[in-house]
Each structure stands twice: as C-alpha cells, then as structure tokens.
1. Examine the range 130-141 for a residue that is assigned to a loop (DSSP other than H, G, I, E, B), over 25 Å from ASP111 (Cα atoms) and touching an Asp or Glu at 6+ places or on another chain (Cβ under 8 Å), and state whether such a residue exists.
2. If I filter the range 96-142 down to residues being small (Gly, Ala, Ser) and under 14 Å from the mean Cα position of the chain (by Cα), which single residue comes out as farthest from ASP225 (Cα to Cα)?
3. Given the criteria modelled with pLDDT of 95 or more and at positive phi, does GLY131 qualify?
Amino acid sequence: MSTVERDSLVSLGWIDEGERWRSNATKHVVLYRLYNPNEFANNHHYTKDAGERDILVSKGWKYEGESWYGTEYYADIEMKDLGTITVSLDATAAPKTVDNFVKLANKGFYDGLTFHRIIKDFMMQGGDPLGTGGGGSGENIIGEFADNGFDNPISHTRGAISMARSSDPNSASSQFFICHKDVTDLDGHYATFGNVIDGIEIVDKICDEIGKPADDPNNGMIDRDKRPVISKITTGLL
C-alpha cells in the first residue's frame, strides 16, 4: 500500500491493525474488501465518499450510477500439500478470458484437477479434466491476443497466467499455464490474463523439482502419480 493510500484511509477514520485495516462504518465496507478480500468476498460496491472514490479509481474500479464495479479479480489456486498460489486477473486486458476462468472456478470445475505438463524454466500447465492435454470444459472462447486482433498488454513474464490452446486461435477452453520464467516470445500469441501476486515460490518448487527439461521427448508431460493437484480455486474482486 502506498503512503497516499495509507494517509487516505487514516483520514477516513480507518485504524491500522498491522495485518488489516478496521472500520465500523458501513460506507467503509468496500475498502475493507479491497485490503481483506477473503473476509468480504461478496461486497462489490456501495460507496460515494470522495476519498474512497480516489482509492477505488486507483485500483481500476469503475463507477456506474449508484454502484462501483471492479475490473480486477483475484484467484486463490489451492494446491494440495503445497499451499496457495494467488493470481490477479485483469478483466480489462482480457474480459472474456477472465469471465470464463472465474465461471469455471466458481462452479468447481478445477477442483481435483492437476498440472499435467511442467517444463522447468518455462511454465506449468493445468486445468485439463482428461489429463492428456486434449481436454476442456466443452466450450471454447475467443483468443484475446494480438495475433487474433486484440490489444492485450500483459506480457508472458515470470508469474504470468495465460490460456493454453491448440493451433486454432479460438480453441482455448479450461487449460491454463503459469510462467516459471520470462517467455515473452509468447506475447501476442496466447491470451495472458493475470499475474501471480503471492505464492510464486510454489511455482518455483513445482517447476524446479518435477519439471521436465525443454528438450523432453514427452513435451513436459508428468507421470500421473507425480502431478500436483489443484484442491480448489476460489475467486473474488480485488
């Protein structure tokens, strides 16, 4: 949090309790939601205070009449026995991609699936119900990247999350990958839609310990009994 944001919160009567900010005022609920997302997962709006408005705008929120709507989501990817990877999801850069991912996560589609393809210093790929690299949700989405006519500014840098697909630019469905290292040569060819904001060390552990080399003859496919398991993915607005 920046000094300006901190000063704004203090001026609005918020109290810094170390790990969180506290306020008893109803109008402050949305800001509590911003800084404590797991405790107010369903509060998406309700504020017109000028000081709060400045902070919301700085976070990418948009005001429509009586309500505020966020354009950035988070997703907690809970990995069995490993911890949680938290990613920010940018619905401004890739709205259809984020909407698809959030809908699948919220209905439990990813629960129990695995990361089936892992290449060290490249990426880890998961979200395939078949575990073969050929599965999906049954629905495809349009590819939101430059080669397909979309201006997507998110680069495939370390920690970026992006959609896997076949040679068809509009074939992405449920499979996604998280970049272990910078792979910016993918920019413009795949739909990036967010970045890891916490838990990158889990990505490192997975890729470093069980990831295959770049020249792996099986293209990074991991034996089924060694695949990291996604316990569940939960989402909310940042």
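1. First pass over the range 130-141, keeping only residues assigned to a loop (DSSP other than H, G, I, E, B): 130-140.
Filter once more, so that each one left must be over 25 Å from ASP111 (Cα atoms): none.
No: the range 130-141 contains no residue that is assigned to a loop (DSSP other than H, G, I, E, B), over 25 Å from ASP111 (Cα atoms) and touching an Asp or Glu at 6+ places or on another chain (Cβ under 8 Å).
2. First, the residues of the range 96-142 that are small (Gly, Ala, Ser): 105, 108, 112, 126-127, 131, 133-138.
Imposing the further condition that a residue be under 14 Å from the mean Cα position of the chain (by Cα) reduces the set to 105, 126-127.
Values: ALA105: 23, GLY126: 15, GLY127: 16 Å.
Across the range 96-142, the extreme among qualifying residues is ALA105.
3. Details: modelled with pLDDT of 95 or more: yes; at positive phi: yes.
Answer is yes for this residue.
The values are calculated or read from the model by the stated rules, or taken from the named source; none is laboratory data. Bear in mind that the values here come from a model prediction, so they are computed numbers and not experimental data. Positions of Cβ are backbone-derived with ideal geometry, glycine not excepted, and every protein chain shown enters the neighbour counts.
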